[in-house]
Amino acid sequence: TLVAAPQAKPLSGSVMSFTAANSDYVSIPEITLSGDCAFSYRHNVQSTLTYQLGRSGSTLSRFGVSTTQLAFNTQTGFTTTLLDTPISVGWHDIALVRTGTIYSIYVDGVLNTTITHDTTDFIFNTIARNGSFYASIDIHSLLFFDNTLSNLQISTLYNNPQRIIELGREYGADRIYVPSANSGVGTGLFNVLPDYSGNKQNGTFTVSVFEV
């Protein structure tokens, strides 16, 4: 049974659209999430599993969801599992919170699936790419935390997309990636995916992938 929950809305007029055949992706300064951590993003979820987050390198971290499945790598282990409750095709908030060996997956601000896995690092440096593989995805508003988030914080992020930057800072995000009005357009400064956390870890578009 598909969940008939309201779809998450990207911020006004901004979404990153990637096409695998064009080798589209964003490179971000490498981030290591050790121990208790969390990350979240808005994603146009499809029935086919793709990896929304990844790493280019010999040892891969990656993370992806479909309407029915979750799959990810930490630095030493891979896991895949069915979501406890399948979700509909379309825009959804996806969040992972790791506390010890407990991984909690939230969809649209609500706990969906809980599994156990190892505690080795997530190391990410790409969006829409893992290793030499690319993904055709639409995505928006990526936040990375080196701390956990509570159920209330996850719900608040989902219900207040217009405050995503403010809330991310309040909750201690290490990175807040939200495309600006010119992200991915043309060359020079316009190929920048800004980091609004204050840590100045901007990403770089490989091609023009921003859509209005």
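The values are calculated or read from the model by the stated rules, or taken from the named source; none is laboratory data. Remember, it's a predicted structure, so these values are computed and weren't measured experimentally. Using ideal geometry, Cβ is built from the backbone for each residue, glycine included, and neighbour counts are taken over all protein chains shown. Just the protein is used for accessible areas: all its heavy atoms, side chains included, with ligands, DNA and RNA removed. Shrake-Rupley method; radii C 1.70, N 1.55, O 1.52, S 1.80 Å.
Among what's in the stretch 79-94 and is of a type in the set (Val, Ile, Thr) and assigned to a loop (DSSP other than H, G, I, E, B), pick the residue that is farthest from residue 48 (Cα to Cα).
Restricting to residues being of a type in the set (Val, Ile, Thr) and assigned to a loop (DSSP other than H, G, I, E, B), the top hit is 85.
Check whether at least one residue in the stretch 99-112 is assigned to a loop (DSSP other than H, G, I, E, B) and in contact with a His (Cβ under 9 Å, 6 or more places away or on another chain), and report yes or no.
yes
I'd like to know if the stretch 96-116 contains one or more residues that are open to solvent by less than 20 Å² (accessible area, probe 1.4 Å) and of a type in the set (Lys, Arg).
Yes.
Residue under question is residue 113, and the condition is that it be more than 15 Å from the chain's Cα centre (by Cα), of a type in the set (Val, Ile, Thr) and modelled with pLDDT of 95 or more; does it hold?
yes
Could you please tell me which pairs satisfy a Cβ distance under 6 Å, a separation of 6+ or placement on different chains, a first residue in the stretch 117-131 that is within 16 Å of residue 96 (Cβ to Cβ), and a second residue that is of a type in the set (Val, Ile, Thr) and crowded, with 24+ Cβ neighbours inside 10 Å?
Taking only residues 6 or more apart or on different chains, the pairs are 127/26.
Could you tell me which residue of the stretch 75-95 is nearest to residue 40 (Cα to Cα), considering only residues that are open to solvent by 10 Å² or more (accessible area, probe 1.4 Å) and either basic (Lys, Arg) or under 13 Å from the mean Cα position of the chain (by Cα) (or both)?
93
Could you tell me how many of the residues in the stretch 125-161 are among the aromatic types (Phe, Trp, Tyr) and either at pLDDT below 95 or in contact with a Cys (Cβ under 7 Å, 6 or more places away or on another chain) (or both)?
The number of residues fulfilling the criteria is 3.
Can you pull out every residue in the stretch 136-167 that is under 16 Å from residue 194 (Cα atoms) and open to solvent by less than 50 Å² (accessible area, probe 1.4 Å)?
139, 140, 141, 142, 143, 144, 164, 165
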